[in-house]
Amino acid sequence: MITFTKAPASLPPGRRVYVIGDVHGLSQRLIALHAAVRTDLHRRPTASAVLIHLGDYVDRGPDSAGVVAYLAAGPPIEGLATINLIGNHENTMLEAVGGDAASATDWMFNGGEPALESYGIAPGTPRQEWAGLIPPEHIAFLHGLTVSHREGGYMFVHGGIRPGVPLDEQLRDEVIRMRHPFLNSEADHGAVIVHGHTPIKTPVIKPNRIGIDTGAVFGGPLTCLVLEEDRMGFIYA
């Protein structure tokens, strides 16, 4: 059972949002978390619901290819609409596979080698060959990822936002990669920002943001935030 507490924002009555943090190639953990979400929906039906993934599906963990294939196949929970956001790791992967040399170096430095290996691409394979060894439907899925999403009093992004800039004027790269000054800001952003990207041991809940990257690939849990009306709870796998 989920333990609910007061949330810093609200959703319309009957609306529920499930939000999953950074996956990083942990396909079996993601499948287990989806099973828990499915069980919650069965036990507690609601008028309408949506599942949001906050990005960083690839890199560091053992099965980036499996995670992308799983999500690219369509909504993982039948009847539950799904929104997949882009993380900085997907963005770097796309740039690297697209031929950008600097991004390729950055990708390898930040966990891209396990992602390549999950596609059967041996270490040392020339970067010019990567694109031809990754299924085109996976590349298409990554290109189709969403940058942000709004629901009720919340905005969902991977990284964060630039404080003081209107939400509809945020720069794409900052929304994907932002840490500071966002993490230290106490400003009212116009919505509570729900984000991943910055690993923490337990979810961070503040009046202006909720962070749910609990470092699953580093030994922590994979976290799903559950939002409904004026309350929130968590599911872990």
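Note on the chain: with a GNM built from Cα contacts shorter than 10 Å, the maximum mean-square fluctuation among 205, 52, 176 falls on 205. Remark: relative contact order (the chain) = 29 percent; criterion is Cα-Cα distance under 8 angstrom and separation of 6 or more residues. Protein-only accessible surface at a 1.4 angstrom probe places the residues 218, 109, 4, 156 in the order 109, 218, 4, 156, largest first. Of 40, 188, 63, 100, the order by accessible heavy-atom surface (1.4 Å probe, DNA, RNA and ligands excluded), from most exposed downward, is 188, 100, 63, 40.
Show 44, 179 ordered by accessible area, largest first, where the area counts protein heavy atoms only and the probe is 1.4 Å.
179, 44
The string of couplings for the range 182-188 from the Karplus curve (6.51, -1.76, 1.60, θ = phi - 60°) is 4, 4, 8, 6, 10, 6, 7 Hz, one whole number per residue in order, with x for Gly and Pro. By the helix-only formula, in which each DSSP H run with n ≥ 4 contributes -39500 (n - 2.57) and the sum is divided by residues, the chain has a 222 nm mean residue ellipticity of -8000 deg cm²/dmol. Sparse packing (at most 12 other Cβ atoms within 10 Å of the Cβ) combined with a DSSP loop state is found for the following GluC sites (Glu not before Pro) in the range 121-230: 186.
Think of the chain as a dipole: +1 on every Lys or Arg Cβ, -1 on every Asp or Glu Cβ, centred on the Cα centre; then among 126, 185, 46, 46 lies furthest on the positive end.
Each Lys and Arg Cβ is given +1 and each Asp and Glu Cβ -1; about its Cα centre, the chain then shows a dipole of about 820 debye. Note on the chain: dipole from Cβ charges, positive end direction compared against 76, 93, 224; the farthest Cα belongs to 224.
DSSP assigns beta bridges within the chain; of those with both partners inside it, close to 55 percent run antiparallel. Residue 197 sits with roughly 10 Å² accessible to a 1.4 Å probe, with DNA, RNA and ligands left out of the calculation. Carbon-plus-sulfur accessible fraction, the chain (probe radius 1.4 Å, protein heavy atoms only): 54%.
When only the Cβ of Lys, Arg, Asp and Glu is charged (+1, +1, -1, -1), the dipole of the range 158-237 relative to its Cα centre reaches about 360 debye.
Residues considered: 214, 198, 223. Largest GNM mean-square fluctuation over the chain, using C-alpha springs under 10 Å, is found at 198. Give the residues of the range 6-36 whose amide nitrogen is closer than 16 Å to a point set 7 Å from the Cα of residue 81 in the direction of its Cβ. What the label zone holds, given the 16 Å backbone N cut-off, is 11-19.
Put a plus charge on the Cβ of each Lys and Arg, a minus charge on the Cβ of each Asp and Glu, and nothing anywhere else: the dipole of the range 13-84 about its Cα centre is then about 360 debye. By the gyration tensor of its Cα atoms, with a ≥ b ≥ c the square roots of the eigenvalues, what is the shape of the range 47-167: rounded for a/c under 1.5, prolate for a/b over b/c, or oblate? Oblate, since a/c reaches 1.5 and b/c is not below a/b. The heavy atoms of residue 235 present about 20 square angstrom of accessible area, all protein chains included, probe 1.4 Å. The antiparallel fraction among DSSP beta bridges confined to the range 116-237 stands at about 65%.
Dimensions of the range 132-181 from C-alpha coordinates, computed as largest minus smallest value along each principal axis and given longest first, are 42, 25, 15 Å. Going by the alpha-carbon gyration tensor, a ≥ b ≥ c the square roots of its eigenvalues, is the range 182-237 rounded (a/c under 1.5) or, if a/c is not under 1.5, prolate (a/b greater than b/c) versus oblate? It comes out oblate by the Cα gyration axes. Once the other residues with Cβ under 10 Å from the Cβ of residue 54 are scored (Lys, Arg +1; Asp, Glu -1), what is the net sum? Taking every Cβ under 10 Å from that of residue 54, the sum is -3. Normalised by the number of residues in the range 97-237, the average gap of Cα pairs under 8 Å and 6 or more apart makes the relative contact order 13 percent. Rolling a 1.4 Å probe over the protein heavy atoms gives the range 1-158 an accessible area of 42 Å² per residue.
Counting pairs of alpha carbon atoms under 8 Å apart in space and at least six apart in sequence, what relative contact order in percent does the range 56-112 give?
The value is 38 percent.
Exposure check, 1.4 Å probe, all protein chains in place: residue 70 carries approximately 60 Å² of accessible surface.
The values are calculated or read from the model by the stated rules, or taken from the named source; none is laboratory data. Keep in mind that what you see is a predicted model, and the values were worked out from it rather than measured. Glycine also receives a Cβ, built like all others from the backbone with ideal geometry; neighbour counts cover every protein chain displayed. The area values use the complete protein model at the heavy-atom level, side chains included, leaving out ligands, DNA and RNA. Shrake-Rupley method; radii C 1.70, N 1.55, O 1.52, S 1.80 Å.
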